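Working notes for the structure below.
The values are calculated or read from the model by the stated rules, or taken from the named source; none is laboratory data. Not measured: the values here are computed from a predicted model. As a convention, Cβ positions derive from the backbone with ideal geometry for all residues, glycine included, and neighbour counts pool all protein chains shown.
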Amino acid sequence: MRNESLNPEVLPPAAAGPTTTRASSRHAAGTLIDKYGRHITYIRLSITDRCDFRCTYCMAEEMTFLPRDQVLSLEECLRVVRTFVGLGVTKVRITGGEPLVRKNVLWLLERIAALDGLKDLVLTTNGSQLDRYAADLKQAGVKRINVSLDTLRPERFKAITRIGDLDKVLRGIDAAGAAGFTRTKLNTVMMRGVNDDEFVDLVRYAMAHDLNVSFIEEMPLGDVGHGRSNTYYSTDEGLALLSPHFGLVPTVENTGGPARYWRIPGSETRVGFISPHSHNFCDSCNRVRVTAQGELYPCLGQNDAMSLMPLLREGDDDAPLRAAIVRAMGIKPKEHNFTEQLDAPRVVRFMSMTGG
């Protein structure tokens, strides 16, 4: 039973006091190690399944969203993150759906940013609300922002997102820069015959606006009514396309996620590729996902999960939650295989349900 008197969703962001991590709840870094010896230091937490876009590769055009009581409250989100940080996690990414449509999101971000032991709080957004929230996000303690952007053409943007406004997103990117965010990253899903003629333009846009950009191989998640083999575009093809224009130089830089990076001589812009098909990164996977419904997925490409919501709602003792998270590392598989699922996805949940 949730205590509505403590619910930040019915209070202004400053109404609740600061949250701290008790020393007794801390474990030495390295507690979360799966059976293959991988150290889990990074969680991606979805705080809502709702979004103000309907991107074709992420969700159905007509979506049925979760009732409010089936979504983690902001206090429950904070308990989850606090427990993970107490187990040695140092990086948290807040996702959705679109996280900035969640009421009182700043309340949560401020308290996560204040957790002892957390080094990096980042946010993935579609950019639709950034012009409104950029300055507040910076003040709340968000370190970096990723913006999903698959095209610079208004008509194509509308077709991909179904309802999105490109100009509003571009204004949001500018607002993030004005608020003091540096090296904001664009995330571009590569889709053959959809946006592969714009990859060069997207890199040039990133260079002109002091941004980074990562190109992502399309993942076969959710029933979108078509196979992915016709639109799949590989990292190797993307590199072959971009290298003659920019002279890309490989680096060993890492931001704690799956991207591999290349530098452009004479520019600060970094070009990344996330390659779940062609260059599987499972051997170094350091992350897990928690959905807005409280399901802990140790692997994006598998269906195995542990439900944390019942433990959160049994009471205020975080010990059972902590034990469940540790146990869940035992179901983290050695690897996924998206390539075999291009036209027959075995993971039928939409990306918006798992967290971007």
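Could you identify the single residue in 167, 150 that is in a loop (DSSP other than H, G, I, E, B) and either at pLDDT 95 or above or more than 18 Å from the chain's Cα centre (by Cα) (or both)?
Working: 167 fails: in a loop (DSSP other than H, G, I, E, B).
Just one listed residue meets the conditions, 150.
From the list 324, 328, which residue is at pLDDT 95 or above and among the small types (Gly, Ala, Ser)?
324
Give all pairs with beta carbons closer than 9 Å in which a residue from segment 120-137 that is within 25 Å of residue 254 (Cα to Cα) meets a residue that is of a type in the set (Lys, Arg) and in a helix (DSSP H, G or I); count only pairs at least 6 apart in sequence or on separate chains.
Listed by first residue and then by second, the contacts come to 127/168; 127/171.
Name the single residue that is farthest from residue 187 (Cα to Cα) among those in segment 106-134 being crowded, with 24+ Cβ neighbours inside 10 Å and under 15 Å from the mean Cα position of the chain (by Cα).
109
Cβ-Cβ distance below 6 Å, separation of 6 or more or different chains: which pairs start in segment 179-190 with a residue that is on the phi < 0 side of the Ramachandran plot and end on one that is in a loop (DSSP other than H, G, I, E, B) and of a type in the set (D, E, K, R)?
Pairs that qualify, where the first residue is on the phi < 0 side of the Ramachandran plot and the partner is in a loop (DSSP other than H, G, I, E, B) and of a type in the set (D, E, K, R), are 188/150; 189/150; 189/218.
So residue 271 passes all but one of these: (1) out of contact with any helix residue (DSSP H, G or I) (no Cβ under 9 Å at 6 or more places or on another chain); (2) at pLDDT 95 or above. Which condition number does it fail?
Of (1) out of contact with any helix residue (DSSP H, G or I) (no Cβ under 9 Å at 6 or more places or on another chain); (2) at pLDDT 95 or above, only one is false for residue 271: (1).
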